[in-house]
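Asker: The structure is given below, and queries will be raised subsequently.
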Ligand code: SF4
């Protein structure tokens, strides 16, 4: 007992020390940027001026604290860690006091920090096919090479995989189960070709119920229903806030753009169901309200508005924001950022689990082409779009399948021009700045000519 208390005190002290180190690093980075600015450091040659979003500093601290706590939890026998897919029912884990870890988030960081090529190669050398999603490959590479932008993810006690985003995750998590030799909880979310089928809701609801029991058995403490309800309500509130923030981009000019929303996704993915997540999106919403009130635009002199389909191209966010910004085009909505706040048509406050099941199968990526076409059209109307940018993502078949057909429908049926950018979310090996840049220039010139008659 005394040992346990001693260990908890030590862990708390470690957390405080690491947080103060993180605060110091962030403050120093900010100071360096200020000094560079005052001393007339690097000027942007293309005249695209971007005003940084202040709330982003809060996110760095929030996410930093989350990872520090997760790392400390790895050495706490009372604390369980579960690796979970981005579309997994994380509310059950938060209600059980389990720390959720997202290999996809980790892989996105690998992509942003441009470590993906080398880590994917490590996995490929071990026999993982290059056709496998680069998120899976880079995470396997990270485990094998023990290299990571954040010092690696803490070891899981169990795994939770929901296949509402793709079939790849099923195999990915089976492989993780083999590597770590821990239990795997599978949630099978049937693909919906048209409207969501009631029997699919019942089928997923039964699995969520079973998952609650399984998690209770693993932690040794059954999940308290009251705590679960509270977590679900918190999650609902955070999702609503995230929806509101994205809706604000319908304002002309948009106060931030889709490239910013990709960055601000992190808390809704990892921390939905917690108070910190709610507080974070309240702060972001307040900043966006202020930007709208004072007329701050994400793209100065915004003239054209575009929608984005598919995952972010993590290593080229700056490049793409700059390239479209040069043409006075703002990306103001994306199916990707919206993926993390879908609300199903079915909602029943008296049946939380069935409502949760409905929301978890409601996502864009879990639906057929007619549904996707309808979604894109609604976005085009609500956000006053002039066209779409589609990332044909080599890694993500689930997202990219049918995109050429969708582009054809947008163009021929609805008069919305579309550019297809062939790339990969993290693996840079098939990317060329020149080729993509030239295609964007040509697309924007034809869009502008068309818009101006
Ligand atoms: S295939 Fe697509 S949805 Fe599946 S893990 Fe990879 S990027 Fe995510």
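The values are calculated or read from the model by the stated rules, or taken from the named source; none is laboratory data. Owing to the predicted nature of the structure, the values given are computational and were not obtained by experimental measurement. Every residue, glycine as well, gets a Cβ built from its backbone with ideal geometry; the counts of neighbours run over all protein chains shown.
Asker: Only one residue in 101, 84, 72, 150 is touching a residue at least 60 places away in the same chain (Cβ under 8 Å) and buried (at least 21 other Cβ atoms within 10 Å of the Cβ), so which one is that?
Answerer: Exactly one of 101, 84, 72, 150 is touching a residue at least 60 places away in the same chain (Cβ under 8 Å) and buried (at least 21 other Cβ atoms within 10 Å of the Cβ), namely 84.
Asker: Still on this structure, please answer the following. Residue check, residue 365 against (1) away from the ligand (no atom under 16 Å from the Cβ); (2) farther than 26 Å from residue 230 by Cβ; (3) in contact with a helix residue (DSSP H, G or I) (Cβ under 7 Å, 6 or more places away or on another chain), all met but one. Which one?
Answerer: The number of the failed condition is (1).
Asker: Return the residue satisfying two criteria in turn: it lies in the range 187-196 and is surrounded by fewer than 16 Cβ atoms within 10 Å (Cβ to Cβ) and modelled with pLDDT of 95 or more, and of such residues it is farthest from residue 366 (Cα to Cα).
Answerer: Among them, the one singled out is 188.
Asker: Now a separate question. Take the range 421-434 and flag every residue that is buried (at least 19 other Cβ atoms within 10 Å of the Cβ) and under 22 Å from residue 257 (Cβ atoms).
Answerer: 421, 423, 424, 425, 426
Asker: Right, here's the next one. When you check residue 373 against the structure, is it within 27 Å of residue 251 (Cβ to Cβ) and in contact with a helix residue (DSSP H, G or I) (Cβ under 8 Å, 6 or more places away or on another chain), yes or no? Before you say what the answer is, go through the steps one by one.
Answerer: Details: within 27 Å of residue 251 (Cβ to Cβ): yes; in contact with a helix residue (DSSP H, G or I) (Cβ under 8 Å, 6 or more places away or on another chain): yes.
Answer is yes for this residue.
Asker: Looking at 295, 273 in this structure, which one is out of contact with any strand residue (DSSP E or B) (no Cβ under 6 Å at 6 or more places or on another chain) and within 15 Å of residue 240 (Cβ to Cβ)?
Answerer: One residue alone meets the criteria, 273.
Asker: Would the range 182-205 turn up any residue that is touching a strand residue (DSSP E or B) at 6+ places or on another chain (Cβ under 6 Å), more than 16 Å from the ligand (Cβ to nearest atom) and assigned to a helix (DSSP H, G or I)?
Answerer: no
Asker: When you look at residue 376, is it within 21 Å of the chain's Cα centre (by Cα), touching a residue at least 60 places away in the same chain (Cβ under 8 Å), part of a helix (DSSP H, G or I) and more than 28 Å from residue 190 (Cβ to Cβ), yes or no?
Answerer: Taking the combined requirement at face value, the residue does not satisfy it.
Asker: Here are the criteria: (1) surrounded by fewer than 21 Cβ atoms within 10 Å (Cβ to Cβ); (2) more than 28 Å from residue 369 (Cβ to Cβ); (3) within 16 Å of the ligand (Cβ to nearest atom). Tell me which single one residue 222 does not satisfy.
Answerer: Checking residue 222 against (1) surrounded by fewer than 21 Cβ atoms within 10 Å (Cβ to Cβ); (2) more than 28 Å from residue 369 (Cβ to Cβ); (3) within 16 Å of the ligand (Cβ to nearest atom), the one that fails is (3).
Asker: Does residue 390 satisfy the criteria of being within 24 Å of residue 116 (Cβ to Cβ), away from the ligand (no atom under 16 Å from the Cβ) and not in a helix (DSSP H, G or I)?
Answerer: No: the conditions fail for residue 390.
Asker: Among the residues of the range 399-440, count how many are at pLDDT below 95, away from the ligand (no atom under 16 Å from the Cβ) and within 16 Å of residue 336 (Cβ to Cβ).
Answerer: Final tally of qualifying residues: 0.
Asker: Being surrounded by fewer than 21 Cβ atoms within 10 Å (Cβ to Cβ) and more than 30 Å from residue 369 (Cβ to Cβ) is the requirement here; does residue 203 meet it?
Answerer: Spelling it out, it is not the case that residue 203 is surrounded by fewer than 21 Cβ atoms within 10 Å (Cβ to Cβ) and more than 30 Å from residue 369 (Cβ to Cβ).
Asker: Among the residues of the range 167-178, are any within 24 Å of the chain's Cα centre (by Cα), surrounded by fewer than 17 Cβ atoms within 10 Å (Cβ to Cβ), within 16 Å of the ligand (Cβ to nearest atom) and part of a loop (DSSP other than H, G, I, E, B)?
Answerer: yes
Asker: Count, please, the residues in the range 105-163 that happen to be within 12 Å of the ligand (Cβ to nearest atom) and out of contact with any helix residue (DSSP H, G or I) (no Cβ under 8 Å at 6 or more places or on another chain).
Answerer: Count: 1.
Asker: So residue 411 fits all but one of (1) surrounded by 14 or more Cβ atoms within 10 Å (Cβ to Cβ); (2) touching a residue at least 12 places away in the same chain (Cβ under 8 Å); (3) assigned to a helix (DSSP H, G or I); what number is the exception?
Answerer: Every condition holds for residue 411 apart from (2).
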